[in-house]
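The values are calculated or read from the model by the stated rules, or taken from the named source; none is laboratory data. Quantities reported herein were computed from a predicted structural model and do not represent experimental measurements. Quick reminder, even Gly has a Cβ in these numbers, built from the backbone with ideal geometry, and neighbours come from all protein chains shown.
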Ligand SMILES: [Zn+2]
């Protein structure tokens with residue numbers, strides 16, 4: 001068994017409720033990172049996730065490359081997204097237990113990186129408890145050396161299924177091969193056994209996206225990719241914040 005957190009970026013979309021239903025059925029609790037300008041189109045779907053026990057966190061307003069922004073613009077991206085998130089939680093009648101932020105594209109802001117980390121710290125952002133995630137696992141996930149620390153949320157494995165687009169030549173099968181290389185061939189575990197026992201600590205932080213464009217290329221991609229991880233012995237754990 002490989003314990004892991006599941007994180008889902010770029011919600012909400014028209015797919016979000018079906019993702020929520022699938023994960024609830026599997027007893028898997030993810031963290032969803034919100035591309036907040038999209039809430040104006042799919043507000044009810046974000047509320048649906050919250051009402052079904054799923055955490056939604058900050059992934060900026062317009063999903064920019066933070067290294068291309070001034071510090072003021074970068075902070076505005078985070079703050080405007082916070083306003084939208086607060087309103088969502090209020091409307092859903094759900095309390096947000098802690099605050100997480102994930103940089104779009106893992107772009108930590110270039111020359112403003114240190115200032116943005118300071119901003120996140122001062123404004124109460126934390127990370128998931130990653131005390132069992134080895135720094136080398138972040139490096140395998142493409143996150144730079146020593147970047148596991150700080151106040152933003154990274155990942156150790158990106159399925160990269162966002163590359164499944166017309167004319168890229170990258171397929172959902174290529175995403176599954178990526179998981180094979182990373183986690184080995186199928187263990188043959190029961191695929192409907194979705195979550196690790198309460199209190200188990202995450203050793204991996206897995207990233208997958210909520211993208212209608214991927215669904216258009218491969219119907220049911222989300223379920224296929226989650227089932228592929230379960231077959232490889234990944235067991236998802238409940239998200240908890242770092243102490
Ligand atoms: Zn994103």
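General observations
- When each of 115, 136 is tested for being assigned to a helix (DSSP H, G or I) and free of Cβ contacts under 8 Å to residues at least 40 places away in the same chain, the lone residue that passes is 136.
- Checked against the criteria, residue 3 counts as more than 16 Å from the ligand (Cβ to nearest atom), under 21 Å from residue 159 (Cβ atoms) and either in contact with a helix residue (DSSP H, G or I) (Cβ under 8 Å, 6 or more places away or on another chain) or in contact (Cβ under 8 Å) with a residue 40 or more places away in the chain (or both).
- Identification of helices (runs of 4 or more DSSP H) wholly contained in segment 153-243 with 2 or more residues that are touching a strand residue (DSSP E or B) at 6+ places or on another chain (Cβ under 8 Å) yields 172-183, 221-231.
- Where a residue in segment 62-73 is over 10 Å from residue 109 (Cβ atoms) and touching a residue at least 24 places away in the same chain (Cβ under 8 Å) and its partner, wherever it lies, is in a loop (DSSP other than H, G, I, E, B) and within 12 Å of the ligand (Cβ to nearest atom), with Cβ under 7 Å and at least six apart: 63/35
- Verdict on residue 87 being in a helix (DSSP H, G or I), surrounded by 15 or more Cβ atoms within 10 Å (Cβ to Cβ) and at pLDDT 95 or above: no
- Residue-level check: of (1) within 15 Å of the ligand (Cβ to nearest atom); (2) over 27 Å from residue 243 (Cα atoms); (3) not in a loop (DSSP other than H, G, I, E, B), residue 81 misses just (2).
- Every listed requirement among (1) away from the ligand (no atom under 16 Å from the Cβ); (2) buried (at least 20 other Cβ atoms within 10 Å of the Cβ); (3) under 17 Å from residue 128 (Cα atoms) is met by residue 205 save one, (1).
Each row is one residue, and each column tells you yes or no for (1) within 16 Å of the ligand (Cβ to nearest atom); (2) at pLDDT 95 or above; (3) surrounded by 12 or more Cβ atoms within 10 Å (Cβ to Cβ).
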| residue | (1), (2), (3) |
| --- | --- |
| 111 | no, yes, no |
| 124 | no, yes, no |
| 133 | no, no, yes |
| 149 | no, no, yes |
| 180 | no, no, yes |
| 183 | no, no, yes |
| 188 | no, no, no |
